[in-house]
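**Student:** Below you'll find the structure I mean.
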Amino acid sequence: MIKNTATIILLSSLMMMTSCLKKETPIAPYDRGDVEQASVAIGGNYEKQTFFSLSNGASSSYIKTSWDLAFESTENGTRIILNTAKRMYAANTGSNNFNLSDTNGMELTFKWDNANLQADSLALYGWITTSGELANQLWVVDRGTDESLNNIGIKKIQLVAYDGDSFTMKYGNLDNTDTSTIQIYKNNSSNFTYFSFDNGGEVVSIEPDKENWDFLFTQYVHTFYTPSFEDYLVVGVLINHDHIEVAKVFDQSFEDIGINDVVNYTFSNSPNTIGYDWKFYDFGAGGYVIVPGRNYVIKNNQDGFYYKLRFIDFYDEQGEKGNPVFEYQKI
């Protein structure tokens with residue numbers, strides 16, 4: 001009898017304690033808003049490169065020939081990239097002699113940058129060793145073509161110093177005219193600091209603050225392996241690998257993609273994850289057609305939101321190509 005009485009008292013006490021606990025306050029769902037539609041202009045001749053932000057729909061453009069080289073601005077970054085929107089190439093001469101002016105007889109292998117920006121996939125890979133020592137080698141840089149496909153010219157460069165905060169580069173013409181040296185300081189507010197050989201060589205303002213853009217709409221070089229090995233200028237989207245990751249979702253409708261699905265997706269921050277192949281050229285129709293069913297889920301590690309996105313056109317209302325139209329929505 002005493003045992004049963006104690007049990008009843010214990011149960012009563014637990015019930016009283018439970019009733020006194022503060023109930024959890026449910027988290028109010030955020031407003032996902034309506035589906036937004038945006039159009040980005042890169043021009044009928046693809047002469048522009050345009051940055052775009054999903055969070056506020058802001059964009060900024062510049063002429064693609066405005067820069068030649070970009071120097072990584074992160075704290076430990078050492079990558080140097082070419083402007084492949086101009087179809088730029090570079091070759092390592094294997095020589096440490098900057099005054100070398102005759103490359104005849106040299107078996108130069110010109111390379112271009114892979115849009116994934118992996119260090120060993122870049123044309124200028126090897127200018128600094130993995131242990132941080134300068135190779136001091138001379139590189140020949142083909143500046144590519146302008147909007148009318150005219151060749152811009154050839155330069156030579158040599159990286160002569162790097163201290164973590166800046167790059168020092170010698171550059172000039174192959175015949176040793178117009179030679180100069182420049183120290184390029186990292187702009188820590190952006191992913192890269194940009195340089196142009198024009199006007200005697202200068203640092204130019206190209207990229208917005210890295211927190212203020214998500215996509216770059218541009219031409220870039222892509223390598224096709226079938227039916228033959230070939231590099232080709234494509235028009236596509238490169239993501240801001242600083243804070244954007246993307247998952248390709250080709251097995252669900254745009255409307256059905258929801259926040260509970262994101263745990264099932266595989267995300268990547270490789271710059272060319274979205275790439276160019278959301279469209280194709282239909283020779284029968286005589287124009288570009290959007291590939292149906294290609295949806296992309298964007299994870300913004302900066303604001304914590306997920307977005308879903310799909311392309312709906314490559315032409316503006318006047319029928320001019322080079323004006324991608326897309327829809328997106330928070331999920």
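The values are calculated or read from the model by the stated rules, or taken from the named source; none is laboratory data. Remember, it's a predicted structure, so these values are computed and weren't measured experimentally. Positions of Cβ are backbone-derived with ideal geometry, glycine not excepted, and every protein chain shown enters the neighbour counts.
One line per residue, one yes/no per condition, for (1) in contact (Cβ under 8 Å) with a residue 40 or more places away in the chain; (2) outside the structural domain of T218 (by TED's automatic domain parsing); (3) in contact with a Lys or Arg (Cβ under 8 Å, 6 or more places away or on another chain); (4) β-branched (V, I, T):
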residue	(1), (2), (3), (4)
G275	yes, no, no, no
N295	yes, no, yes, no
K299	yes, no, no, no
G304	no, no, no, no
E317	no, no, no, no
K321	yes, no, no, no
F326	yes, no, yes, no
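**Student:** Going through A90, A85, A115 one at a time, which residue ends up being assigned to a strand (DSSP E or B) and either surrounded by 16 or more Cβ atoms within 10 Å (Cβ to Cβ) or outside the structural domain of K299 (by TED's automatic domain parsing) (or both)?
**Tutor:** Details: A85 fails: assigned to a strand (DSSP E or B); A115 fails: assigned to a strand (DSSP E or B).
Criteria check complete, one pass: A90.
**Student:** Take the conditions buried (at least 17 other Cβ atoms within 10 Å of the Cβ) and either of a type outside the set (G, A, S) or within 27 Å of K321 (Cβ to Cβ) (or both) and apply them to F254. Does it pass? Explain how you work it out, then say what you get.
**Tutor:** On the way: buried (at least 17 other Cβ atoms within 10 Å of the Cβ): yes; either of a type outside the set (G, A, S) or within 27 Å of K321 (Cβ to Cβ) (or both): yes.
Criteria met by F254.
**Student:** Can you pull out the residues in region 163-192 that are in contact (Cβ under 8 Å) with a residue 60 or more places away in the chain and of a type in the set (D, E)?
**Tutor:** The answer is D175, and nothing else.
**Student:** Of the residues that sit in region 174-224 and are among the charged types (D, E, K, R), more than 16 Å from the chain's Cα centre (by Cα) and surrounded by fewer than 18 Cβ atoms within 10 Å (Cβ to Cβ), which one is nearest to G43 (Cα to Cα)? Give the derivation first.
**Tutor:** Applying the first criterion (among the charged types (D, E, K, R)) to region 174-224 yields 175, 178, 186, 198, 202, 207, 209-211, 214.
From the residues that got through so far, the ones that are more than 16 Å from the chain's Cα centre (by Cα) too are 175, 178, 186, 198, 202.
Okay, now just the ones that are also surrounded by fewer than 18 Cβ atoms within 10 Å (Cβ to Cβ), so 175, 178, 198, 202.
Details: D175: 36, D178: 33, D198: 23, E202: 26 Å.
Filtering region 174-224 for residues that are among the charged types (D, E, K, R), more than 16 Å from the chain's Cα centre (by Cα) and surrounded by fewer than 18 Cβ atoms within 10 Å (Cβ to Cβ), the one nearest to G43 (Cα to Cα) comes out as D198.
**Student:** Name the single residue that is farthest from D261 (Cα to Cα) among those in region 302-328 being touching a Leu at 6+ places or on another chain (Cβ under 9 Å) and in a strand (DSSP E or B). Steps first, please.
**Tutor:** If we filter region 302-328 for residues that are touching a Leu at 6+ places or on another chain (Cβ under 9 Å), which is where we start, we get 305, 307, 309, 326-328.
Now drop any that are not in a strand (DSSP E or B), which leaves 307, 309, 326-328.
On the way: Y307: 12, L309: 14, F326: 21, E327: 19, Y328: 16 Å.
Out of the qualifying residues, it is F326.
Yes/no matrix, rows are residues, columns are (1) modelled with pLDDT of 95 or more; (2) of a type in the set (G, A, S); (3) over 30 Å from N136 (Cβ atoms):
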| site | (1), (2), (3) |
| --- | --- |
| I2 | no, no, yes |
| S19 | no, yes, yes |
| I27 | no, no, yes |
| S39 | yes, yes, yes |
| Y46 | yes, no, yes |
| W67 | yes, no, no |
| D102 | no, no, no |
| E107 | no, no, no |
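**Student:** Restricting attention to region 118-140, which residues are in a strand (DSSP E or B) and either more than 21 Å from E75 (Cα to Cα) or without any contact (Cβ under 8 Å) to a residue 12 or more places away in the chain (or both)? Walk me through how you get there before you give the answer.
**Tutor:** Pass one, region 118-140, residues in a strand (DSSP E or B): 128, 134, 138-140.
Hits for region 118-140 are L138, W139, V140.
**Student:** For region 118-144, which residues satisfy the criterion of being of a type in the set (V, I, T) and either touching a Pro at 6+ places or on another chain (Cβ under 7 Å) or surrounded by fewer than 16 Cβ atoms within 10 Å (Cβ to Cβ) (or both)?
**Tutor:** Within region 118-144, the first condition is being of a type in the set (V, I, T), and the residues that meet it are 128-130, 140-141.
Passing the criteria: T129, T130.
**Student:** Would you confirm whether or not region 306-316 contains a residue that is of a type in the set (S, T, Y), surrounded by 15 or more Cβ atoms within 10 Å (Cβ to Cβ), in contact with a strand residue (DSSP E or B) (Cβ under 9 Å, 6 or more places away or on another chain) and closer than 21 Å to N212 by Cβ? Break it down stepwise before answering.
**Tutor:** Pass one, region 306-316, residues of a type in the set (S, T, Y): 306-307, 315.
Pick out the ones that are also surrounded by 15 or more Cβ atoms within 10 Å (Cβ to Cβ) and you get 306-307, 315.
Subset that is in contact with a strand residue (DSSP E or B) (Cβ under 9 Å, 6 or more places away or on another chain): 306-307, 315.
Filter once more, so that each one left must be closer than 21 Å to N212 by Cβ: 306-307.
For region 306-316, residues of a type in the set (S, T, Y), surrounded by 15 or more Cβ atoms within 10 Å (Cβ to Cβ), in contact with a strand residue (DSSP E or B) (Cβ under 9 Å, 6 or more places away or on another chain) and closer than 21 Å to N212 by Cβ: present.
**Student:** Answer with yes or no whether I244 is aliphatic (A, V, I, L, M) and out of contact with any Lys or Arg (no Cβ under 8 Å at 6 or more places or on another chain). Write out each step before concluding.
**Tutor:** Values: aliphatic (A, V, I, L, M): yes; out of contact with any Lys or Arg (no Cβ under 8 Å at 6 or more places or on another chain): no.
Against the criterion (aliphatic (A, V, I, L, M) and out of contact with any Lys or Arg (no Cβ under 8 Å at 6 or more places or on another chain)), I244 does not qualify.
**Student:** Filter region 93-112 for residues that are over 29 Å from the mean Cα position of the chain (by Cα) and either in the same structural domain as I239 (by TED's automatic domain parsing) or aromatic (F, W, Y) (or both) and give the result.
**Tutor:** Across region 93-112, the qualifying residue is only F98.
Quick grid of which residues meet (1) closer than 15 Å to T103 by Cα; (2) charged (D, E, K, R); (3) more than 27 Å from the chain's Cα centre (by Cα):
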| position | (1), (2), (3) |
| --- | --- |
| L124 | no, no, no |
| W127 | no, no, no |
| E133 | no, yes, yes |
| D146 | no, yes, no |
| I152 | no, no, no |
| S166 | no, no, no |
